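One structure is given below, encoded as structure tokens.
The values are calculated or read from the model by the stated rules, or taken from the named source; none is laboratory data. Note that this is a predicted model, so its numbers are computed, not measured. Neighbour counts run over all protein chains shown; Cβ positions are idealised from the backbone, glycine included. Please note that ligands, DNA and RNA were not included when accessible areas were found on the heavy atoms of the full protein model with its side chains. Shrake-Rupley method; radii C 1.70, N 1.55, O 1.52, S 1.80 Å.
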Amino acid sequence: MRPLSAASVTLVALLTSFMLLAQAPTPALEAKPFRIGIVTFLSGGAAGPFGVPARNGAETLVEALNAGKVPAPYATKGLGGRPIEVVYVDEAGGTTKQVLEYRDLVQRQSVDAVIGYISSGDCLAIAPVAEELKKLTIFFDCGTPRIFEDASYKYVFRTAGHAAMDNVAAALYATEKLPKLKKIAGINQNYAWGQDSWADFEASMKVLKPDATITTSQMPKLLSGQYGAEISALLGAGADVIHSSFWGGDLDALILQGGPRGLFKKSVALLTAGETATHKLGSHIPDGTIIGARGPHGTYAPDNELNKWFRGAYEDRYSLSPNYPAYHMVQAILGLKSAYEKAGKDGASEQVAAALERLEFDTPSGKIRMAIGKGHQAIEPTVYGRARTVNGKLTFTDVKQYPAEKVNPPDGVKSADWIKSGFKASM
């Protein structure tokens with residue numbers, strides 16, 4: 001037999017290589033990332049106490065989910081095995097800008113879902129656009145009850161409780177802890193969140209303490225920053241309790257401007273969103289101030305495994321404790337993960353939305369139930385306590401938690417009607 005030529009040897013070698021490659025197992029294709037557009041304040045007065053902690057909560061959770069390092073029942077990687085990819089958008093700039101940014105996220109950046117919005121005004125503007133574009137959208141923080149009480153949506157959800165919960169519980173707490181109160185005042189921002197918060201608190205007090213009088217209700221413009229005239233009016237009103245749903249830089253300004261003028265020595269401040277200010281202002285919070293956290297979040301969060309993990313991971317990463325906007329963000333992402341994996345492999349907005357309706361899922365703040373708003377609005381317990389500085393450290397006393405069913409209206413009943421009925425379980 002004649003020896004093979006060099007060309008023949010090369011051909012044989014190539015054929016052998018091709019045969020071996022054909023027989024080798026094909027590596028699995030990497031799963032396509034699930035893209036989430038996350039909208040939160042990254043600049044302006046609301047960024048420090050609200051927007052940035054929310055983003056930090058998202059970063060902490062998403063990194064751990066992608067690595068499969070979150071405790072049960074969320075130990076599986078990503079969303080159904082798909083890695084999570086996040087596009088962050090700054091919520092600053094007003095409703096017109098946010099609608100344009102939302103359309104860009106959906107139509108140009110092709111996100112699979114949107115999680116966002118701290119401002120109630122932004123939520124009210126975005127909800128109909130989300131429905132128009134048929135894109136799954138989860139509101140993680142905004143509080144106005146109007147979202148699902150004035151309209152119905154297929155693709156829009158909120159995984160945190162709305163403002164009625166905060167203000168009904170505030171009224172219950174005030175009447176219980178301050179039984180001699182006779183005069184009530186308010187200072188709230190003049191837009192949906194502030195208007196709704198004051199209306200619900202005032203109506204609740206009329207039910208619980210009908211002999212109490214309203215001395216003044218101040219409604220300054222959102223993010224005004226200077227409250228000299230309003231503080232003067234509150235000082236002159238001589239109220240036993242001053243209700244405020246201020247948040248962000250407005251809340252910090254109210255505390256820092258009202259304190260030196262003796263406002264909180266004359267009246268007890270009741271701050272429904274006050275927990276966010278405690279991390280920055282600490283001992284500047286007057287003793288006796290009633291502090292809410294819009295649910296069992298932050299210092300009020302339960303001692304469960306998810307909370308132990310989240311608080312530890314967040315503190316290790318940022319050297320700060322997570323506040324309630326961070327907890328709200330985590331609720332939204334875990335709600336999305338739960339619904340996506342319940343929906344199965346398709347993962348389209350329609351299927352995930354159907355799975356999220358009336359869903360119950362675990363979070364660091366306890367179990368969240370999508371129980372009202374036709375299954376699109378969460379209910380959760382809420383907690384109040386009183387601030388007290390001990391040895392330079394802010395602590396909380398007289399802490400009380402109110403069950404979700406006690407501070408939320410029944411499904412299909414508007415908050416205002418439920419409050420006026422005397423908080424009847426059914427109407």
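Data table
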{"item": "Solvent-accessible surface (1.4 angstrom probe) belonging to SER110, in square angstrom, nearest 10", "result": "70"}
{"item": "Hits among aspartates and glutamates - C-alpha to C-alpha of LYS406 under 16 Å, sequence gap 8 or more where chains match", "result": "ASP166, GLU176, ASP200, GLU380, ASP417"}
{"item": "The chain: calculated mean residue ellipticity at 222 nm from DSSP helix runs of at least 4, using -39500 (n - 2.57)", "result": "-13000 deg cm²/dmol"}
{"item": "Under the span-like rule (Cα at least 27 Å along the axis, Kyte-Doolittle mean at least 0.0), DSSP H helices of the chain", "result": "324-343"}
{"item": "Distance in nm between pseudo-label sites at LEU133 and LEU223 (7 Å out along the Cβ direction from Cα)", "result": "2.1"}
{"item": "Rounded to the nearest 20 debye, dipole of the chain from Cβ charges on Lys, Arg, Asp, Glu", "result": "360"}
{"item": "Local electrostatic count at VAL413 - Lys and Arg +1, Asp and Glu -1, tallied over other residues with Cβ under 15 Å", "result": "0"}
{"item": "Computed lengthening from VAL399 to GLU350, 0.36 nm per intervening residue step minus Cα-Cα distance", "result": "13.5 nm"}
{"item": "Estimated inter-spin distance, LYS374 and ALA151, nm [label 7 Å along Cα→Cβ]", "result": "1.3"}
{"item": "Segment 382-427 - accessible surface per residue (Å², probe 1.4 Å)", "result": "56"}
{"item": "Accessible surface of segment 142-275 [probe 1.4 Å, protein heavy atoms]: carbon and sulfur percent", "result": "52"}
{"item": "Options (1) 58, 51, 44; (2) 86, 50, 41; (3) 115, 50, 39 - which one matches Cα extents along the principal axes in Å as calculated here", "result": "(3)"}
{"item": "Options ALA171, ALA199, GLN98, ranked by Cα towards positive dipole end of the chain, top entry (Cβ charges)", "result": "ALA171"}
{"item": "Candidates GLY392, GLY259, GLY288: whichever shows maximal mean-square fluctuation once the chain is modelled as a Gaussian network with Cα springs under 10 Å", "result": "GLY392"}
{"item": "Rounded accessible area of GLU405 (nearest 10 Å², 1.4 Å probe)", "result": "110"}
{"item": "Of TYR88, VAL70, ALA54, farthest towards positive along the dipole that unit charges on Lys, Arg, Asp, Glu beta carbons give segment 39-108", "result": "VAL70"}
{"item": "Accessible area, probe 1.4 Å, largest first, for residues SER321, SER349", "result": "SER321, SER349"}
{"item": "Solvent accessible area, Å² - ARG311, 1.4 Å probe, full protein context", "result": "60"}
{"item": "Long-range lysine pairs (8 or more apart or interchain), segment 126-255, Cα under 20 Å", "result": "10"}
{"item": "Given charges at beta-carbon only (K, R positive; D, E negative), |dipole| of segment 154-267 in Debye", "result": "200"}
